[in-house]
1. How would you order C:354-361, B:96-103 from highest to lowest mean count of nearby Cβ atoms within 10 Å?
2. Running a GNM on chain A with Cα contacts under 10 Å, which residue among A:276, A:93, A:157 ends up with the highest mean-square fluctuation?
3. Restricting to DSSP H runs of at least four residues, report the calculated mean residue ellipticity at 222 nm for chain A, -39500 (n - 2.57) per run over all residues, nearest 500 deg cm²/dmol.
4. So how far apart, in nm, are the two label points at residue A:156 and residue B:199 if each is 7 Å from Cα heading toward Cβ?
5. What does region B:112-243 give for Rg and for Dmax, in Å, if only its C-alpha atoms count?
6. Which semi-axis lengths, in whole Å and largest first, follow from the square roots of five times the eigenvalues of the Cα gyration tensor of region A:143-244?
7. Ratio to report: Rg/Rh of chain A, with Cα atoms as the point set and Rh obtained by the Kirkwood method; give two decimals.
8. So if we plug the beta-carbon distance of residue C:22 and residue C:254 into 1/(1 + (r/R0)^6) with R0 = 45 Å, what FRET efficiency do we get, rounded to 0.05?
């Protein structure tokens, strides 16, 4: 009974609460608000700290609002913080991150969606075996694959290029994305597929004309997951590229981990928030679509 | 949940099986290559070299099981797997419980549902490095929670998990749960939305209480949702590394070391690839042991249905 | 004519890259703290001044983060033009695999064999008679840094050696000052162990254990005394919960801690903070007990490249890094000692003068990097991390240590 048709999945399904100020309601909202405080606390602390000057931070209270708001840490994090001898902050990494992000997201999602489609509608002998291997692959710590990947990229002549990094992101994004697409396409009524087959439609025709137009929610989920994962990636970005194409996270690491005397917590926090801004905006903006997509893709298991 | 074992039901005229379903096979080439070349190939390569004395560069100077003997006699490895055991079991149980409870709360036709949902989900957008730093800062005894509570007049208040070897793992847990529960909550919520309204009506008619309904009726119906969640949580736990590095660096002492960190540090800092590969092979074995029952449940169960 | 040509060729390493064609070399290093970044920019400025350009590939987070990146890039066939690595045994395998550029001709043209002092530095760059790296500085680890402010505050004289320091610790604690600042990272704790060993057990025992890997000495009475001294030191540092070495140094700078055991690179942090040796802080090489220092340090390696223009530029850079002017400016900023004895370091401050004097008198030991493999070092660091932050007894720690030495390579 886990089949879910995406269109029907928005409305709450729980029992209807009765009165506005019943005891149950007070407990319910009370709990939710308490839990929200726990979730919001770090964000609050990061924002407040990033708006304080260093003297105020040394005085101690991390939860207090700044007595004197300063945007200097943000300016410094974006355009002045030093990593090694380059003192141009995070700004140099932003463009690189975008250049890495877009092709990686496009390629990985394209491939995973076709995989998922083939796995759910065009099973062939061994397809489940490959899929199982792929899922086990999701559990392998990336770091142990560093050297094999280095050898692979060297043989392909892609080491050090953005193309190589795109390939790596595609490979490591494949397990979870394929799982999502496979589950989603499996939940689309088989009758549609069979009818198209009877009409003589082939593999690609069915994919582009029937499956793709119905797959918007799961594409949203895939895009969100990939944007987050690739944008936040440090390890692959630093190993499979070179300084001219380092993503923003490498600059973040350099700013946060190179302590110049005392730790400049305010600059670190501003840098952290700036780096996290892109995925954060996507999360807050996509809200309902994400749940809808998850409902469609993850639930079938 | 029916499976089309072979969509080409009509008898094909082509004699060779290889060409049956050709386009699907061609389209699956990227997946097959990834599975075979990267995951199987890379893993086999790792396992193979775990029987060598490779140092900085992979070499085929075979040493048998030496690396494994050393691994299991190392204090640090034992501490690492114990820590992962504690963190993993707490994280698994708590993530499922918290994720489900929050989803159940949100599913009760509340106001501001999307605001709450965004609040619970946003930490997932942040990397573990950011998560670790933020919580390191909040748990810092000189600036964070402890000093604030002391400032309120409770002078003897002690909350310093990150600098105490006995509690540091729970300090990691606080941060890990913060980052990971939102996604599970979302998945659970999606699962709850998939439950038919009629079920609720029926249980109300039968006079079954709300909480009992969740436990007895709803959770068993959400088995696939729990399995997906389990895969996501478990794969995150076993890869636990960035959070530790950012939040505690494995300290104090070796108190918050984890296996992935052991692997990486022995591969790169100690330049003992063989030792790192032996440790990652052990991690892989545990994954396979966990995954085989899962694969059986998934695919074995399907065939019956 | 041919003579001129020949002399040009001998000096070709210096002029091979035509001035009209600026070559950009990517240089990877992990020097990102304040003093370190100031020092590396001396290299970059000198290189840019030759008409070429320096592409900085700084990676923060010490060698542990940077090393997999460096090695992956070299193995992957897309190497940087030059990279920092600690000299010692780290690069042996890369050399054996033919991945690093042979610098013998540059070394010969520059007469490195005569100018590099101590000669052990050049030896650790040498494999099978060929030279593969440029040593750029000498770092020693056995220094005790003391805060004058902390001692004035407690009404005490600044100690002159490790024993006085331990003796004065009680009074410091009474004044609310942490006696010993210690970053909670294995390598720092191991550094403290090395420094205390040389001070307490003496150089003979140290050499026997570290260089000759004699496990019996490691289990013997000299080392028992070391581990007992470490238990005392552990008490002095028990309230220290900073992580990074320069955060600990900062506690000495601000006077919130009495002292720190750290290498001579701490010098750079004091300099950036505008502190003056002898007025604001003191430094005691060999912990004030022995006039002896080890000679670790950094070196640059040049991965093999198939573009002859880049290879020529790599050799040019190699010669530049060891040239007298660059050596002086770099080492003054870095707080380390130069690798050549023939240059004028009179502008160096008091601490460096002390180090230079010890170096000139030959009071040197090989560094741990040169004697122990990274693998053994990591295991010792693990042991030290366990020891310093727990309540492991001196006897247990000594047992474990002797075991590690027995298996060391």
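Since every read-out is calculated from the coordinates, none of them should be taken as a lab result. All figures in this text were calculated on a predicted structure; none of them were measured in a lab. Every residue, glycine among them, receives a Cβ derived from its backbone with ideal geometry; neighbour counts consider all protein chains shown.
1. B:96-103, C:354-361
2. A:157
3. Values: 13 runs with 195 residues, N = 301.
After summing the helix terms and dividing by the residues of chain A, the value is -21000 deg cm²/dmol.
4. That separation, rounded to one decimal, is 4.3 nm.
5. According to the Cα coordinates of region B:112-243, Rg and Dmax are 19.5, 57 Å.
6. Details: eigenvalues 249, 48, 25 Å².
Listed largest to smallest, the semi-axes of region A:143-244 are 35, 15, 11 Å.
7. Working: Rg = 23.5 Å, Rh = 22.4 Å.
On the Cα set of chain A, Rg over Rh gives 1.05.
8. Details: r = 44 Å, r/R0 = 0.99.
Step by step, r from the Cβ atoms, then E = 0.50.
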